[in-house]
């Protein structure tokens, strides 16, 4: 997708050059890509963002990737910043987000997201731990999840488990979670990493 906002750094996926493809995890994501919410959380350096990018690339999936920062503490500004990555709907002005009409604003945002793509789209929010402390942002995410249409999937990447109300989608089996245990590199992946990137064969593992 061509990003509408000229400030593309907030919408840039990680580069995948010389990064090990975690085939077992990519396959898990592809086999369950229909879930409403995909949560990838674990420690720093476990390849969370690269995994998500490989998933999108391998499945040739449409996506809007947004890199969160600690400056995204205001939920209305955050929603507007994400919206900036989309082309405005023909004949409509960009919405003004207000608390008293938040549900309407969210629906407008989701409509714009759907109209920018011709098939299912994955909204990826990277570094969610940076906004996890902000109650207003968590409430925004809870309300977004509650009204997600079938064609929009939310991907959250975080170093910590998000403080969100996920019990309903868990009960509905609409959450795919990959945690730090699954993200841990297997011996075979470690061997493959050193062999492919450094031409080193590790026999001691």
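Taken over segment 61-87, residues that are over 15 Å from the mean Cα position of the chain (by Cα) and surrounded by fewer than 15 Cβ atoms within 10 Å (Cβ to Cβ) amount to 4.
Do the conditions hold for residue 101, that is, is it closer than 17 Å to residue 147 by Cβ and either surrounded by fewer than 18 Cβ atoms within 10 Å (Cβ to Cβ) or modelled with pLDDT of 90 or more (or both)? Walk me through how you get there before you give the answer.
Details: closer than 17 Å to residue 147 by Cβ: yes; either surrounded by fewer than 18 Cβ atoms within 10 Å (Cβ to Cβ) or modelled with pLDDT of 90 or more (or both): yes.
Spelling it out, residue 101 is indeed closer than 17 Å to residue 147 by Cβ and either surrounded by fewer than 18 Cβ atoms within 10 Å (Cβ to Cβ) or modelled with pLDDT of 90 or more (or both).
If I filter segment 29-51 down to residues being assigned to a helix (DSSP H, G or I) and touching a helix residue (DSSP H, G or I) at 6+ places or on another chain (Cβ under 8 Å), which single residue comes out as surrounded by the fewest Cβ atoms within 10 Å (Cβ to Cβ)?
Within segment 29-51, the subset assigned to a helix (DSSP H, G or I) is 29-31, 48-51.
Cutting the leftovers down to touching a helix residue (DSSP H, G or I) at 6+ places or on another chain (Cβ under 8 Å) gives us 29-30, 48, 51.
Numbers: 29: 23, 30: 13, 48: 23, 51: 25.
Here the answer is 30.
Being touching a residue at least 60 places away in the same chain (Cβ under 8 Å), closer than 17 Å to residue 64 by Cβ, in contact with a strand residue (DSSP E or B) (Cβ under 7 Å, 6 or more places away or on another chain) and surrounded by fewer than 20 Cβ atoms within 10 Å (Cβ to Cβ) is true for just one of 123, 148. Which residue is that? Break it down into steps so the answer makes sense when it comes.
On the way: 123 fails: surrounded by fewer than 20 Cβ atoms within 10 Å (Cβ to Cβ).
It is 148.
Here is a yes/no grid of residues against (1) loosely packed, with under 13 Cβ neighbours inside 10 Å; (2) under 15 Å from the mean Cα position of the chain (by Cα); (3) at pLDDT below 95:
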| site | (1), (2), (3) |
| --- | --- |
| 116 | no, no, yes |
| 128 | no, yes, no |
| 156 | no, yes, no |
| 166 | no, no, no |
| 191 | no, no, yes |
| 197 | yes, no, yes |
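Here residue 179 clears all of (1) within 17 Å of the chain's Cα centre (by Cα); (2) under 17 Å from residue 79 (Cβ atoms) except the condition numbered (2).
The values are calculated or read from the model by the stated rules, or taken from the named source; none is laboratory data. Nothing here was measured: the structure is a model prediction, and the numbers come from that model. Neighbour counts run over all protein chains shown; Cβ positions are idealised from the backbone, glycine included.
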